[in-house]
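> Right, I'll just put the structure down here and ask away after.
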Amino acid sequence: MPAPTRREFAAVAAASACAAAAAEPPAPPPARPFLTPAAEFRDVSRGNPVPHTLRGPALEAARLTPETWRLELTADPTVEEPHTKQPAAIAKPLTIAAGTALDLPMLLNLGKSHQVHFLKAMQCLNIDTPLGQGLWTGVPLREVLKLAGRMNNVRRVFFYGFHNNDPKQRFQSSVDYTHAMETPPGELPAFLAYRLNGEPIPLERGGPVRMVVPWSYGFKSIKWLQQIVVTNIPRNTDTYAEGNNDPEAYLKSAAFSDRVPEKLPADRPLTFRGVVMCGPSGVRRVEFWVRPVTADSPPLADDSPELLRAPWAECQLDPQPDWGAVMPAGVRPQEVLGFDRTTGRPREWPLRYSSAPFTATVHGLAAGRYEFRARTVDLNGFAQPEPRPLQKTGKNGIQVRRFEVG
Ligand SMILES: Nc1nc2c(c(=O)[nH]1)N[C@H]1C(S)=C(S)[C@@H](COP(=O)(O)O)O[C@H]1N2
Ligand SMILES: [Mo]
């Protein structure tokens, strides 16, 4: 068991804070910063050695310093029957050998006319709670693809980052050509990020340059990005698919409740916390249910009749933060995608692809054992884990927090 973090004990801290107050408890203070400091993201990195452990000359040889970083953009020569009869072709490949690879000053220069900012919570498809939430800044992938000039026979865009010379260690992902090039209004583009929370992306988070695919789970947001390969292979060949994951899954809306101490005090309001992740289906509300149990109550499945008929009650989303204070210096809220150009407020809340904290305050629980659950109801009216209960398309099982009162 890892050591409990500050956040895991937030529920009890909030509960005692409420106990100190007289009648109706005030909203407890936020238990997590709205933007996760870059060093506090949970890390999911493959490789031996993991790229962010490289130092000095090894780091330079890996081209992972701002000065040595290069991005190559090439065409995949693969043909394979029956689906790929002609290989992809581009007019102007960007390669280290020809001295045409993109370097960081060139990418930052492209940012002068095409820079985008937005909030995204990074979530691993196989881990329930988001790893962290950041304000990411960079250049849309389409602007980088345009540098290659005219393209032919391109149906997908593969990309991968630094890995050592063992091809088995390559961690590759992709998007289709249409998603790379044409962002529907109101949607967010895949982009090459070079800043996180207003600072250069640290090596640990995949800097100098990381791909960020807003609508997807973390596996498409390739760290230490160095290669983009356009291809005429129409299939998804993402490395993550080898783990039986659906590599085209987009983020699910889901509520994730914080851990709860085993014992909670009686005779006072109890405040439970969590974070809601907002996928493209949106979040109509977050609900909770406290179920009395005995020590040997069997687990309840997410689709059991008792759970589906339960008296779920509404959770409170925390008030939106002070956007001027949350944004790093130099980033105005009105410039952030998803925010209104004039008011500087998010156009929807929770904001698509980001996460927001919620609380549930429970009064008058008698001594005994209980389970706490929280779930989302999306804008279609589907209650978590519907409409995609398959966990390999994104983790959205309903968490069960057992505790004892008194
Ligand atoms: N190059 C590279 N990029 C990668 C990975 C990796 O192992 N290597 N892991 C991916 C996965 S599965 C996840 S969930 C996220 C995690 O991002 P984080 O470590 O910044 O939290 O990075 C993604 N990008
Ligand atoms: Mo992941």
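Bear in mind these aren't lab numbers, they're just calculated from the coordinates by the rules spelled out. In this text the structure is predicted, and so the values were computed from the model without any measurement. All Cβ positions, even for glycine, are placed from backbone atoms using ideal geometry, and neighbour counts span all protein chains on display.
> Counting alpha carbon pairs within less than 8 Å and at least 6 residues apart, what relative contact order, in whole percent, applies to region 38-243?
Here the relative contact order equals 27 percent.
> Report the net charge of residues surrounding ALA97, where surrounding means a beta-carbon distance below 15 angstrom and charges are Lys +1, Arg +1, Asp -1, Glu -1.
Neighbour charge sum, excluding ALA97 itself: +1.
> While we're here: Once the Cα atoms of helix 10-20 and of the chain are each reduced to a long axis, what angle between those two axes, in degrees from 0 to 90 to the nearest 10, is obtained?
40
> Report the residue, chosen from PRO298, PRO82, PRO208, that carries the largest GNM mean-square fluctuation when the chain is represented by alpha-carbon nodes joined by springs under 10 Å.
In the Gaussian network model the winner is PRO82.
> For each of ASP258, ASP176, ASP246, count neighbouring Cβ atoms within 10 Å of the residue's Cβ, then give the residues from fewest to most.
The order, fewest Cβ neighbours first, is ASP176, ASP246, ASP258.
> Also, I was wondering about something else. 222 nm [θ] for the chain, helices only, -39500 (n - 2.57) per DSSP H run of 4+, per residue, to 500?
-2500 deg cm²/dmol
> Right, next: Would you please give the FRET efficiency between THR237 and VAL50, computed as 1/(1 + (r/R0)^6) with r the Cβ-Cβ distance and R0 = 41 Å, to the nearest 0.05?
Approximately 0.95, to the nearest 0.05.
> Give me the net charge for the shell around GLY207: Cβ to Cβ below 10 angstrom, other residues only, Lys and Arg +1, Asp and Glu -1.
+2
> If you take all C-alpha pairs in region 38-243, what percent of them are over 21 Å apart?
It works out to 51 percent of all Cα pairs.
> Quickly rank 184-192, 135-143, 289-297 as a protection proxy: mean count of other C-beta atoms within 10 Å, highest first.
135-143, 184-192, 289-297
> State the extension gain, in nm to one decimal, for the chain segment bounded by THR343 and ASN165, taking 0.36 nm per residue of separation less the distance between their alpha-carbons.
59.1 nm
> Within region 150-180, whose backbone N sits under 13 Å from a point 7 Å along Cα→Cβ of LYS92?
Only 150-151 fall inside the zone, counting backbone N under 13 Å.
> Going by how many other beta carbons lie within 10 Å of each one, how would you line up THR271, THR342, THR361, fewest first?
With the sparsest Cβ surroundings first, the list reads THR342, THR361, THR271.
> Using Cα atoms only, what is the angle between the long axis of helix 104-114 and the major principal axis of the chain, expressed in degrees (0 to 90) to the nearest 10?
Its long axis makes an angle of about 70 degrees.
> To two decimal places, what compactness ratio does the chain give when its Cα radius of gyration is scaled by 2.2 N^0.38 Å?
Against the empirical 2.2 N^0.38 Å value, I get 1.07 for the chain.
> Based on the mean of other Cβ atoms within 10 Å per residue, sort peptides 34-41, 106-113 so the most packed one is first.
Per-residue Cβ counts within 10 Å, averaged per peptide and sorted highest first, yield 34-41, 106-113.
> Determine by what factor the alpha-carbon radius of gyration of region 357-406 differs from 2.2 N^0.38 Å, reporting the quotient.
Working it through for region 357-406, the quotient is 1.45.
> Need the full-extension length gain, GLU306 to ASN380, defined as separation in residues times 0.36 nm minus the C-alpha distance. One decimal, nm.
The span from GLU306 to ASN380 would gain 24.4 nm if fully extended.
> Here's another thing I want to ask about it. Could you tell me what a quarter of the Cα convex hull surface of region 252-405 works out to, in nm² with one decimal place?
One quarter of the hull surface, i.e. the mean projection, equals 10.8 nm².
> Under 1.5 on a/c is rounded, so check that first for region 109-159, then, if it is not, pick prolate when a/b is larger than b/c and oblate when it is not; a ≥ b ≥ c are the square roots of the alpha carbon gyration tensor eigenvalues.
oblate
> Here's something else I'd like to know. Most exposed first by the Cβ proxy, i.e. fewest other Cβ within 10 Å, how do CYS124, CYS315 rank?
Neighbour counts put them in this order, fewest first: CYS124, CYS315.
> Once you keep just the Cα pairs under 8 angstrom separated by 6 or more residues, what percentage relative contact order results for the chain?
Relative contact order here is 19 percent.
> Ranking request for peptides 370-379, 66-75, 303-312: highest mean number of other beta-carbon atoms within 10 Å first, then the rest in descending order.
Output ranking for 370-379, 66-75, 303-312: 370-379, 66-75, 303-312.
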